[in-house]
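Worksheet: the structure to be examined is printed underneath.
The values are calculated or read from the model by the stated rules, or taken from the named source; none is laboratory data. Quick caveat: nothing in here was measured; it's all calculated off a predicted structure. Counting neighbours? That spans all protein chains shown, and the Cβs are built from the backbone with ideal geometry, glycine included. The protein model used for the area step is the full one, side chains on, heavy atoms only, and it has no ligands, DNA or RNA in it. Shrake-Rupley method; radii C 1.70, N 1.55, O 1.52, S 1.80 Å.
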Amino acid sequence: MRGLVAAALIAAAIPAAGQTADSSPSLSAAPPPVASPAPDLVVASPGGVLPALGNEARRYGRDTLGLLTAPLSWDRRDREKAAAFAVILGGLFLADKSIDHQATESRSSTTDSVSSATTPFGAEGGFAVSAVLVAAGLAFHDPATRDMGRDALEAAVIAGLLDNAVKRISGRERPINSNGQTVFEPGSSNASFASGHTTVAFAVASVIAARSPGWVIPGIAYTAATLVAMDRINSRAHFASDVFAGAVLGTVTGRWLVHRHEAEAEGSRATVELVPEANGIDARIRF
């Protein structure tokens, strides 16, 4: 039932959004320690709005700090994932010019039409879907739908802010401005790396997927996000490496937040895991 509600709300929210310009990782699945479960979202009366917003702001702050410090607790598997990401990203950097050339040759009125229809999911459309899910969850007293939208909105905000920081640091020119050449001017206003639309689209999609049963809703969500990524290449707003980095940033942020909030909701406490090692047994504490 939750999946059907989410699908209907997504379908209703995306077409209503217009297109905007692109603006604006921890890979660990285990959330870092949290002091206490996050307060519930209570906005039943006007007097409860400001406290609810204050709670959300504090929640965003805690979660952002937790996400940024999560690499400090990475294990070997997490480091392997980070290394794989770096290798793939490096390979895409080398292939960017060729992919951009092929995308330009394949561009047509059809691809432009698809782009116009789906790109908003990576901007205001993604935020609209999240807000509608929150509103519907509150209106119909459905905590699952409410939390899906709440996490999606937070993931979009945090991932978008991180993406903007990466843009400023990298200062990469867009392919349409550099004629397909890779040009980095750190600290400049160039905003190609990473793709903000793709980051937001995958942040929202990953939360919807993680909080939906089965494969249909997750498949729809990730398909929509992938279309956004392809749109950005089609319009020459981004290189392939830009959208790949954005997809990873958005997905990691979304899934990490869902795992963290689910653990908070369950009132998880520290547990000790005994892990076989080459020289014996290693004890790990997880929160």
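Taking 7 Å steps out from each Cα toward its Cβ at V183 and A265 produces label points 4.8 nm apart. Rounded to whole numbers, the Karplus 3J(HN,Hα) couplings from phi for the stretch 182-194 are 8, 10, 10, 10, x, x, 7, 8, 4, 9, 8, 10, 9 Hz, using 6.51 cos²θ - 1.76 cosθ + 1.60 with θ = phi - 60°, and x at Gly and Pro.
Amide H contacts of R172: E185, S192, F193, each under 5 Å away and 5 or more positions distant or on a separate chain (H built 1.01 Å from N in the peptide plane; Pro and chain starts excluded).
When the accessible area of the stretch 183-271 is computed with all protein chains present and a 1.4 Å probe, what percentage of it is carbon and sulfur? Result for the stretch 183-271: 65 percent of the exposed heavy-atom area is carbon or sulfur.
Between R168 and E80, what FRET efficiency comes out of the Förster formula 1/(1 + (r/R0)^6) with R0 = 25 Å and r the beta carbon distance, rounded to 0.05?
Numbers: r = 29 Å, r/R0 = 1.16.
Between E80 and R168 the formula returns 0.30.
For S113 and L72, a Förster radius of 51 Å and the Cβ-Cβ distance give a FRET efficiency of 0.65, rounded to the nearest 0.05. Only protein heavy atoms count here; on that basis, with a 1.4 Å probe, S189 has an accessible area of about 100 Å². What net charge is computed for the residues neighbouring R172, neighbours being all others with C-beta under 9 Å from the C-beta of R172, Lys and Arg scored +1, Asp and Glu -1? Net charge around R172: -1.
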